[in-house]
Amino acid sequence: MSFAAFEREIAKVNDILCAMNLLTWDSRVMMPPGGVEARGKQIATLVSVARDLATGDAMQKAIETARAELKGAPASDIRVLAVEQAAQSIGTLSRIPAELVGAAAELKTVAQAAWSKARAANDFAAFAPMLERTMDMQREIAGAIGYAEHPYDALVATYEPAMTWSRLRGLYSELRAGLLPLLARAREANVRAEILDRAYPVDKQRAFSSLVSSRFGYDFNRGRLDDTVHPFEISFTRSDVRITGRFRETWLPGGLFAVWHEAGHGMYEQGVSEDFSRSVFTTDFVNLYAVGGASFGTHESQSRLWENRVGRSRRFWELNFADLQKEFPDQLSDVTPDDFWRAVNAARPGFIRVEADELTYDLHIMLRSEIEAGLMSSDIRVTDLPAIWREKVKAALGLDVPNDTLGVLQDVHWSSGMVGSFPTYTIGNIMSSQFFAAARKENAVESGLESGDYLPLKAWLNDHVHQFGRSKTPSQILIDATGEDLSTAAYISDLTRKVDELTA
């Protein structure tokens, strides 16, 4: 059968990308420093093989023969959708020169190691040459893909289909108008934020964060938790979905919420339909990445939903604080569930994006997006980044950045070549509130949140988001699940209610 042959060709590409994900996981979790150069070449080889298979004659023949077999089938037929989706995304990939794809993949591993070393040494100058090469390559990739208005559009759309810099600026404007008054109010709330800075042994942080991840529904039989410099989730099919965390003894929320964030990503990948394993619907051909999420923004909606809509809710801490107190009886002996809920929701502008409170998080994303757009249009130079970063943080958050480790060197994304991915965090925040509001209309979900049974919520997300993999667009998933396309209203409403509670 022609369609079966098409499926086999797709599976080959997916298998290679899963193997590449495994090498990437190892390079960021376990690989000794001496392995960097060789690992970069290994990953570049696998990327080149995956690209050659995806764009080669055998794949093109498989697509055409599958089309012939399915001629006359309705456009809604999942097989037709698979073939046409593959043809479209592989067409985009084909426009990016093979040598550029391979070079970018090799640079990624080397640049990540250089970034990690520079970050530890607070030495931006040491990383700058790698970043120059990365940005040059990303501009080339944007040009190869093509765009109508701004080079940033081409890169953003690889992570969030149909999203543009113009549309993002509109969303950012709406959010600023809603967030800034809330931030000003929240900073007046009575909060014992210092309780989060006490000494909390890391092993106990890991134990509690793992316990809660299991309660949410993350399956440790098909996953694991490891430590890393910058938390992430990565999958090698739905049967092996791994998460990582970063724990600091004197900052409790950093470890807990990062793990629940990554567990949200992990549950998405674990929840993709088993029928879609090794298929078009778990393969991102443009980024050459094995992933089941419909887009990076949709993925972020799941991580931010569990991290913030659930994990930072008042009811969550009324139900789960006792277990945290058992892990840290001395540190939390004078703390009530309400004290703790207030502390983890405190508006506390800081330097680190991944540790930002909800009201300042999107301000971090906006400044990064503005910088990325400027880099892609060549209005900003890499050498000027530390100064520009300091200026933007001062304007957005009122803070004086003391060094580059806490500033321009804090994120792994640019060393990974992931230019255009930052906006998806804010898109995910917006989507998370839309999904959460829709899910809570189900009695089982609402009663589960009230009693501490989180599996009905996970089941709703499985049914309405996860199972579809990449077989639906982000807009289709959002509209089908919530009745509306991307809108900031539910997100601003959630944050307003929280600030009202904090300041009551």
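A few points about this structure:
- Cross-chain or 6+ apart pairs with Cβ under 6 Å, the stretch 370-392 first and over 17 Å from Met137 (Cα atoms), then surrounded by 14 or more Cβ atoms within 10 Å (Cβ to Cβ) and at pLDDT 95 or above: Leu385/Val408; Pro386/Phe124; Pro386/Asp404; Pro386/Val408; Trp389/Gly407; Trp389/Val408; Arg390/Val401; Lys392/Leu367
- Yes/no for Val259 being of a type outside the set (Lys, Arg), surrounded by 19 or more Cβ atoms within 10 Å (Cβ to Cβ) and in a loop (DSSP other than H, G, I, E, B): no
- Cross-chain or 6+ apart pairs with Cβ under 9 Å, the stretch 92-118 first and on the phi < 0 side of the Ramachandran plot and aromatic (Phe, Trp, Tyr), then assigned to a helix (DSSP H, G or I) and buried (at least 22 other Cβ atoms within 10 Å of the Cβ): Trp115/Phe127; Trp115/Leu131
- Per-region count, the stretch 311-320, residues out of contact with any Asp or Glu (no Cβ under 9 Å at 6 or more places or on another chain) and either assigned to a helix (DSSP H, G or I) or aliphatic (A, V, I, L, M) (or both): 2
- Residue check, Ile388 hydrophobic (A, V, I, L, M, F, W, C) and open to solvent by 10 Å² or more (accessible area, probe 1.4 Å): yes
- Qualifying residues in the stretch 165-177 (those that are surrounded by fewer than 19 Cβ atoms within 10 Å (Cβ to Cβ) and in contact (Cβ under 8 Å) with a residue 24 or more places away in the chain) - the one farthest from Ala356 (Cα to Cα): Glu174
- For the stretch 269-292, the set of residues classified as of a type in the set (D, E, K, R) and either more than 22 Å from Ala144 (Cβ to Cβ) or open to solvent by 30 Å² or more (accessible area, probe 1.4 Å) (or both) consists of Glu269, Glu274, Asp275, Arg278, listed by residue number.
- Some residue of the stretch 408-420 being surrounded by fewer than 21 Cβ atoms within 10 Å (Cβ to Cβ), more than 24 Å from the chain's Cα centre (by Cα) and more than 20 Å from Leu175 (Cβ to Cβ): no
- Selected residue (only one of Arg222, Arg198 is farther than 13 Å from Ser303 by Cα, in contact (Cβ under 8 Å) with a residue 60 or more places away in the chain, open to solvent by 30 Å² or more (accessible area, probe 1.4 Å) and out of contact with any Gly (no Cβ under 8 Å at 6 or more places or on another chain)): Arg198
- Total residues in the stretch 357-378 satisfying the condition of being assigned to a loop (DSSP other than H, G, I, E, B) and buried (at least 24 other Cβ atoms within 10 Å of the Cβ): the figure is 0.
- Enumeration of residues in the stretch 293-312 that are surrounded by fewer than 24 Cβ atoms within 10 Å (Cβ to Cβ) and either of a type in the set (Lys, Arg) or over 21 Å from the mean Cα position of the chain (by Cα) (or both): Arg312
- Residue in the stretch 442-449 that is within 29 Å of Trp25 (Cβ to Cβ), modelled with pLDDT of 95 or more and crowded, with 20+ Cβ neighbours inside 10 Å present: no
- Of residues in the stretch 466-489 being over 16 Å from Glu160 (Cα atoms) and in contact with a Ser or Thr (Cβ under 9 Å, 6 or more places away or on another chain), the one surrounded by the fewest Cβ atoms within 10 Å (Cβ to Cβ): Ala489
- Residue that is nearest to Asp136 (Cα to Cα) [pool: residues in the stretch 331-356 that are over 23 Å from the mean Cα position of the chain (by Cα) and assigned to a helix (DSSP H, G or I)]: Ala343
- Ala162 meets the conditions (1) open to solvent by 40 Å² or more (accessible area, probe 1.4 Å); (2) without any contact (Cβ under 8 Å) to a residue 24 or more places away in the chain in every case but one. The failed one is (2).
- Here Tyr454 passes the criteria (1) over 30 Å from Arg187 (Cα atoms); (2) hydroxyl-bearing (Ser, Thr, Tyr); (3) at pLDDT 95 or above; (4) open to solvent by 10 Å² or more (accessible area, probe 1.4 Å) except the one numbered (4).
- In the set (1) buried (at least 20 other Cβ atoms within 10 Å of the Cβ); (2) part of a loop (DSSP other than H, G, I, E, B), the condition left unmet by Asp400 is number (1).
- Residues of the stretch 129-144 that are in contact (Cβ under 8 Å) with a residue 24 or more places away in the chain, more than 14 Å from Val101 (Cβ to Cβ) and surrounded by fewer than 22 Cβ atoms within 10 Å (Cβ to Cβ): Met130, Glu132, Arg133, Met135, Arg139.
- Residue identified as part of a loop (DSSP other than H, G, I, E, B), surrounded by 21 or more Cβ atoms within 10 Å (Cβ to Cβ) and charged (D, E, K, R) among Arg238, Arg242: Arg238
- Lone qualifier among Val36, Val47 - being of a type in the set (A, V, I, L, M), open to solvent by less than 50 Å² (accessible area, probe 1.4 Å), within 27 Å of Asp275 (Cα to Cα) and modelled with pLDDT under 95: Val47
- Residue in the stretch 208-224 that is within 30 Å of Ala118 (Cβ to Cβ) and modelled with pLDDT of 95 or more present: yes
The values are calculated or read from the model by the stated rules, or taken from the named source; none is laboratory data. Quick caveat: nothing in here was measured; it's all calculated off a predicted structure. FYI the Cβ positions are ideal-geometry reconstructions off the backbone, even for glycines, and counts take in every protein chain you see. Only protein heavy atoms, including side chains, enter the accessible area calculation; ligands, DNA and RNA are left aside. Shrake-Rupley method; radii C 1.70, N 1.55, O 1.52, S 1.80 Å.
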